[in-house]
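To keep things clear, I will list the structure first and then write my remarks on it.
The values are calculated or read from the model by the stated rules, or taken from the named source; none is laboratory data. Quick caveat, the model's predicted, so the values are computed rather than measured. Cβ: placed from backbone, ideal geometry, glycine included. Neighbour counts: every protein chain shown. The accessibility values were calculated without ligands, DNA or RNA, using every heavy atom of the protein model including side chains. Shrake-Rupley method; radii C 1.70, N 1.55, O 1.52, S 1.80 Å.
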Protein chains: 2
Amino acid sequence: MATTIKDIARRAGVSAATVSKVLNRKDAFIGEETRNRIWSLARELNYTPNSIARSLVTRRSNVIGIVVPDILNPYFTELVRACDDAARLRGYTTILCNSDGIAENEEAHLSFLAGHGVDGIVLSASDVVPNADLLRGLGIPFVSMDREIPMLDCLAATVDTDCRGGAFQSASYLIGKGHRRIAFLSGSAESSNTRLRLEGFREAHRRAGIAVDPELVRCGEFQHSFGHQATLALLAGTRFSAICCMSDMLALGATVALRESGLRVPDDCAVMGFDNIYLAPLLDRPLSTIDRRIFESGRIAIDALVDFLDGPERQRSAIVLETSVVERKTA
Amino acid sequence: MATTIKDIARRAGVSAATVSKVLNRKDAFIGEETRNRIWSLARELNYTPNSIARSLVTRRSNVIGIVVPDILNPYFTELVRACDDAARLRGYTTILCNSDGIAENEEAHLSFLAGHGVDGIVLSASDVVPNADLLRGLGIPFVSMDREIPMLDCLAATVDTDCRGGAFQSASYLIGKGHRRIAFLSGSAESSNTRLRLEGFREAHRRAGIAVDPELVRCGEFQHSFGHQATLALLAGTRFSAICCMSDMLALGATVALRESGLRVPDDCAVMGFDNIYLAPLLDRPLSTIDRRIFESGRIAIDALVDFLDGPERQRSAIVLETSVVERKTA
DNA sequence: TACTCATAAGTAAACGTTTACCTAAGCTGA
DNA sequence: TCAGCTTAGGTAAACGTTTACTTATGAGTA
């Protein structure tokens with residue numbers, strides 16, 4: 001049986017309210033001696049406040065929910081860690097949910113988080129567009145990262161990476177290196193995310209006066225396996241001297257496929273990634289990629305959310321992060 | 001303002017208790033019509049139970065806390081995902097804490113989790129030996145993974161990997177391939193974990209009648225950077241034809257160092273990992289390693305914990321997982 | 001008729017806090 | 001002397017549920 005405020009009150013010969021005031025440092029009108037007695041009892045009895053009871057009355061939990069498609073994907077691992085660190089710094093903790101990119105899962109998680117009284121939610125990229133009615137019904141402030149989102153009262157912020165710009169940089173870099181036939185690998189063709197990136201990719205070609213062969217663009221998912229499989233398919237059907245991948249995992253998959261086919265990276269085929277996950281520089285052949293400041297984006301998202309929660313004015317913010325190319329060994 | 005049970009009660013013209021009974025399916029003595037009215041109101045008003053209030057009275061939260069050193073480490077990423085999946089299957093959700101291997105952090109997290117009323121905790125490997133008094137004081141059932149732990153009432157289970165056996169397998173495999181001078185890279189020399197692995201490593205040599213050169217064993221941490229640095233140091237001071245690493249990240253670091261030094265893997269030097277993280281087969285040069293059934297271990301830990309929580313008999317279990325060698329391209 | 005019994009629902013306390021408001025005592029100053 | 005302030009602390013309601021216990025109604029039975 002854990003110690004409660006009442007136990008302390010009884011032992012100290014005061015009321016529970018007094019104990020509460022002292023422990024919460026709202027003790028302007030509490031006597032020196034009483035105050036000390038309470039603190040030392042709290043220590044002695046190893047008192048830990050019951051956050052559940054506290055949340056029930058204050059309607060604040062100091063918990064932020066994070067929903068991502070899959071923590072196993074290194075990009076999300078980093079994002080989650082960044083959010084967790086940032087949240088902790090601001091006095092919040094996080095609770096994580098994996099949606100696997102499935103709409104029903106995501107909705108279930110949202111309800112779960114609401115029921116558990118999280119103060120805010122960060123909703124991270126995936127192709128699923130969350131049910132606006134659900135979000136509105138929850139009424140919990142949230143920040144949206146890298147996804148199309150309906151405008152709602154409880155939308156605290158959007159933080160997006162300039163994916164169009166990132167893809168543009170990647171393709172331009174490759175073109176600058178003399179490549180003329182560049183393959184493009186990305187996630188679902190329907191997502192706005194892929195659409196924007198493809199625009200950036202095309203724009204880079206346009207500026208260089210190069211036509212994009214539709215045969216070279218392959219959309220599917222951001223996973224390793226698709227990178228592997230799509231590269232094999234490309235290799236079988238056409239020729240190209242570089243692959244512009246829209247995630248580092250795609251790039252990893254592509255690299256493996258190239259090696260399996262007896263091609264050397266970057267001599268026979270250059271590979272560019274996207275994300276700059278922390279593994280990228282650690283690989284046997286360090287990956288050239290587009291940095292998207294994962295850690296920073298997590299921190300920014302949390303800061304925006306907490307500012308919204310704590311600040312009375314509740315201003316919405318729209319942040320977009322610029323990317324940059326990181327030259328390593330694969331392109 | 002979210003819908004509460006009272007809102008439904010008022011609209012349905014019944015008491016809150018009745019609504020609670022219906023919604024919790026303890027409605028043996030509730031009229032058919034009342035029941036229907038309540039359910040349809042719940043749907044219509046989009047009722048989500050307030051878990052906080054519920055937990056306060058039931059003293060059950062259906063939440064399990066997980067504390068790991070660092071989610072960024074792929075081994076823990078997988079473990080956490082495995083635990084989360086397993087927990088969800090059994091009606092629990094998880095809440096994650098990163099301790100960074102720092103004792104104070106871990107203790108703070110433990111208190112936090114207790115205050116938030118988690119039903120159980122899984123405490124995963126790190127060299128920090130948790131404060132027994134703290135654990136006992138919390139009184140929350142926990143399972144300990146891969147760490148030395150004092151025996152306590154609230155210890156629900158221990159799940160350990162047979163690290164001694166794993167190291168033995170790894171070294172034996174390498175010896176079987178003809179290697180005679182094998183370097184050994186592991187984490188902190190003080191941890192029981194490393195001690196056991198070193199024993200296994202030595203045992204394999206003993207059986208083969210090979211002496212272990214102390215110069216070849218290097219302990220530090222399980223991270224990539226140590227693998228890199230230690231390999232460079234080894235290369236500068238002695239010779240060897242294989243490296244037996246006690247984590248896949250160490251192996252990755254070692255591989256990079258070897259390549260930087262112009263050595264080919266496995267021709268000039270073989271490398272064995274340990275863990276079999278999901279990245280291992282996906283690398284440009286798929287990593288040979290020791291599989292430790294990460295996913296399974298997470299599931300087992302959660303199952304043991306939940307069995308302990310749900311079962312009235314509360315039997316403690318001690319599980320040890322066997323390892324196996326996975327032959328790929330680096331050894 | 002008067003009892004029991006099943007059915008259907010209500011009452012109220014409890015979980016551990018926080019907080020708005022109240023009280024009581026002592027002191028100050030005119 | 002007494003209104004009014006300051007200081008120290010108490011009272012009780014509230015947060016949204018759950019649950020043990022109680023009540024009311026009608027039907028069946030002796």
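What the table shows:
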| item | result |
| --- | --- |
| Nonlocal amide H pairs with A:Gly187, under 5 Å, H built at 1.01 Å | A:Gly220 |
| Neighbourhood net charge (13 Å Cβ-Cβ; Lys/Arg +1, Asp/Glu -1) for A:Ser288 | 0 |
| From phi via Karplus (6.51, -1.76, 1.60), per-residue ³J(HN,Hα) for region B:143-157 in Hz, x at Gly/Pro | 10, 10, 10, 6, 8, 5, 9, x, 6, 9, 4, 8, 7, 7, 6 |
| Teacher prompt: A:Glu107 distances to equivalent labels in other copies, 7 Å Cα→Cβ, nm | 4.7 |
| Calculated on alpha-carbon atoms, Rg and Dmax of region A:69-196 in Å | 16.9, 56 |
| Most mobile of A:Asp100, A:Asp284, A:Asp303 in a GNM of chain A (Cα contacts under 10 Å) | A:Asp284 |
| Per-copy distances of the B:Arg11 label point, shortest first, in nm (7 angstrom along Cα→Cβ) | 4.7 |
| Spatial separation of Cα centroids for region B:115-177 and region B:27-68, in angstrom | 35 |
| Straight-distance crosslink candidates among lysines, where the alpha carbon sits under 28 Å from B:Lys177 and sequence neighbours closer than 8 are dropped | B:Lys329 |
| Cα lying deepest toward the dipole's positive end in chain B, options B:Ser126, B:Phe274, B:Thr77, charges on Cβ | B:Thr77 |
| Estimated vicinal HN-Hα couplings, Hz - region A:59-69 in sequence order (Karplus 6.51, -1.76, 1.60; Gly, Pro = x) | 6, 9, 10, 6, 10, 10, x, 10, 10, 10, x |
| Semi-axis lengths, Å, region A:5-49, gyration tensor of Cα atoms, sqrt of 5 times eigenvalues | 14, 10, 10 |
| Dipole-positive endmost among B:Met246, B:Gly91, A:Leu41 within the protein assembly as shown (Cβ charges, Cα centre) | A:Leu41 |
| Helix-derived mean residue ellipticity, 222 nm - over the protein assembly as shown, DSSP H n ≥ 4, -39500 (n - 2.57), to 500 | -14000 deg cm²/dmol |
| Distant alpha-carbon pairs in the protein assembly as shown (separation over 42 angstrom), percent | 34 |
| D (Stokes-Einstein, µm²/s), Kirkwood Cα radius, chain A, 1.306 mPa s at 10 °C | 71 |
| Dipole moment magnitude, nearest 20 debye, the protein assembly as shown about Cα centre, only Lys, Arg, Asp, Glu C-beta charged | 560 |
| Solvent-accessible area of B:Val129 with every protein chain in place, 1.4 Å probe, in Å² to the nearest 10 | 90 |
| GNM result for chain B, Cα springs below 10 Å: residue of B:Ala204, B:Ala236, B:Ala171 fluctuating most strongly | B:Ala236 |
| Solvent exposure ordering (accessible area, 1.4 Å, most first) of B:Arg37, A:Arg136 | A:Arg136, B:Arg37 |
| Relative contact order (percent, whole number), chain B, Cα cutoff 8 Å, 6+ residue spacing | 16 |
| HN-Hα J in Hz across region A:209-223 - Karplus 6.51, -1.76, 1.60, θ = phi - 60°, x for Gly and Pro | x, 10, 7, 8, 6, x, 4, 8, 9, 10, 10, x, 8, 8, 7 |
| Label 7 Å beyond Cα on the Cβ vector: B:Glu296 copy-to-copy distances, nm | 4.4 |
| Share, in percent, of DSSP beta bridges within the protein assembly as shown that are antiparallel, nearest 5 | 10 |
| Distance cut-off 22 Å, percentage of C-alpha pairs in region B:163-291 lying past it | 24 |
